[in-house]
Structures are given as C-alpha cells and as structure tokens.
Amino acid sequence: MPYQNNDHHPAFEEYCETIFELQEDGVDVIQARIVERLRISRPAVSEMIKKMTDAKLVKVKGSSISLTKEGLKLANQVVRRHRLAERFLTDVLGLSWAEAHHEAGKWEHVVSPRVEAAFLRLLEDPTTCPHGNPIPGSAYQVPEGTSSLAEITVGNAFIIERIPEELEFQPGLLEFLEQSNLVPGENGTVTDISSDGETTVSINGKRVGIGAFASQRILVSVS
C-alpha cells in the first residue's frame with residue numbers, strides 16, 4: 001500500500017491544493033472554477049465541498065470558497081511536495097516540464113517527511129518549482145517590479161520570473177513554453193504586440209508569438 005503522510009484522503013488534498021493555487025493566481029474561488037480546473041462534474045464538486053466544510057478544511061460564504069487554517073496547512077504541505085517533486089524530476093531526472101507536472105501530481109500524495117527532507121538537501125533548499133512558482137515554507141521573495149508580460153511595451157527587455165499554475169493546465173502550453181525557452185531566468189525583448197493581444201518576443205535570437213491569455217499571466221521583471 002502507498003505511504004500516506006497524513007490522515008486526509010487524497011481527494012481532500014487535491015481540492016485544498018486547487019483552492020490554494022486558484023487563490024495564488026488571483027482567481028475567484030467558486031465551484032465553477034474548481035470544476036474547470038479539475039475537469040469533473042458540478043455535482044461532484046458540490047458534494048466534496050460539503051464534505052470538506054464538515055471536515056473544517058474550507059469555509060463557504062455565498063458562492064466564495066476559502067481554506068480554513070487547517071485547510072491552508074494541508075494545502076501548503078501538498079503544494080510544497082508537488083513543487084519539490086517537480087524540481088527533482090526536472091533537475092535530477094531530466095524530465096520535461098509537462099512530464100514532471102504530471103508525475104508530481106502523483107508524488108505529492110505519497111512523499112514522506114523523510115523523503116521531503118532528502119529533496120531539500122539534494123536540491124539545496126530551492127525556493128521555486130521549475131516554473132518559478134514559490135515553494136511554501138521556503139525563503140522565496142517576490143522580485144521587485146514584477147508585472148505581466150502583456151504590460152511590457154515594444155522594445156523593452158524583460159526577465160521571465162513565473163509561469164503561474166493556471167497556465168500549467170492549458171493543453172500543450174507547458175511544452176510550448178519550455179521548447180521556446182520561455183522559462184524563468186531567461187531574458188527577452190518584446191518586438192511586437194498585435195491588435196488581438198498577441199505578444200511577440202525575441203528569446204535567444206528566436207521570435208516567438210504568445211497569445212493574449214498566456215501573455216497576460218506570465219510574470220516578468222524589467223531587465
């Protein structure tokens with residue numbers, strides 16, 4: 001039987017993680033957003049939210065859903081282990097972003113405290129996942145002057161800081177970003193912005209077009 005690191009059902013962990021990530025991305029947490037993120041039915045989400053309310057993991061006020069103190073504690077644990085696993089899978093095992101994201105979704109439920117501590121030693125206390133999202137409990141600090149890529153005007157240079165979780169759930173997008181070198185730490189320059197909001201950038205001498213949805217969410221700092 002897989003190791004379970006706490007007394008909560010994996011479904012509770014999944015929901016707490018989802019609510020945490022939606023809040024982190026500035027998305028209003030309502031049932032419809034959870035349905036979209038987890039791709040399950042509205043009745044199933046409604047039933048699970050009721051169970052989690054009874055378990056004192058979430059609070060519901062009107063249509064808004066938020067984590068309780070206990071729910072946030074659980075979310076921090078699951079998100080931390082997911083992002084550490086992603087870092088291990090990419091940095092040590094050489095998996096792609098998309099592969100690591102998929103595999104880490106399994107690991108987050110079974111990583112023991114001892115394995116988590118080993119990750120931290122091996123990876124030398126990373127502060128972010130491969131996509132630049134903060135690892136809860138780390139010494140992460142928000143870079144100064146962070147804005148969305150869409151806010152950078154033509155001719156200005158930038159450094160990619162974060163690919164928010166919201167974009168990790170868009171089919172094919174992680175592969176596209178990684179293959180295009182649109183990764184944290186890379187420098188680029190905005191070369192064009194189209195009337196429909198597509199942003200064209202130059203990265204390592206290559207021009208790449210990024211749709212409005214992604215460019216409004218990719219976080220960068222001015223270099």
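The values are calculated or read from the model by the stated rules, or taken from the named source; none is laboratory data. A quick note: this is a predicted structure, and the numbers were derived from the prediction, not measured. Positions of Cβ are generated from backbone atoms using ideal geometry, with glycine treated the same way; all protein chains shown enter the neighbour counts. SASA here: full protein model, heavy atoms, side chains in, ligands and nucleic acids out. Shrake-Rupley method; radii C 1.70, N 1.55, O 1.52, S 1.80 Å.
Protein heavy-atom accessible surface, 1.4 Å probe, per residue over the chain: 51 Å². Extension gain, Thr153 to Ala139: 0.36 nm times the residue separation minus the Cα-Cα distance gives 1.9 nm. The residue list Gln216, Ser138, Gly94 was ranked by how far each Cα lies along the charge dipole of the chain toward its positive end, using unit charges on Cβ atoms, and Ser138 comes out on top. As a fraction of the 1.4 Å probe accessible area of the chain, surface on carbon and sulfur atoms comes out at 52 percent.
Taking label positions 7 Å along the Cα-Cβ direction at both His9 and Asp125, the computed distance is 3.8 nm, reported to one decimal.
Ranking request for peptides 179-187, 127-135, 211-219: highest mean number of other beta-carbon atoms within 10 Å first, then the rest in descending order.
Per-residue mean Cβ counts within 10 Å order the peptides as 127-135, 211-219, 179-187.
Of the residues Val115, Val190, Val78, the one that moves most in a GNM of the chain with alpha-carbon contacts below 10 Å is Val115. The stretch between Ile203 and Leu93, if pulled fully straight at 0.36 nm per residue, gains 37.0 nm over its current Cα-Cα span. Taking 22 Å as R0, compute the FRET efficiency from the Cβ-Cβ separation of Thr191 and Gln216 and round it to 0.05. Efficiency, rounded to the nearest 0.05: 0.80. Counting only alpha carbon atoms, the long axis of helix 10-24 and the longest principal axis of the chain meet at about 40°.
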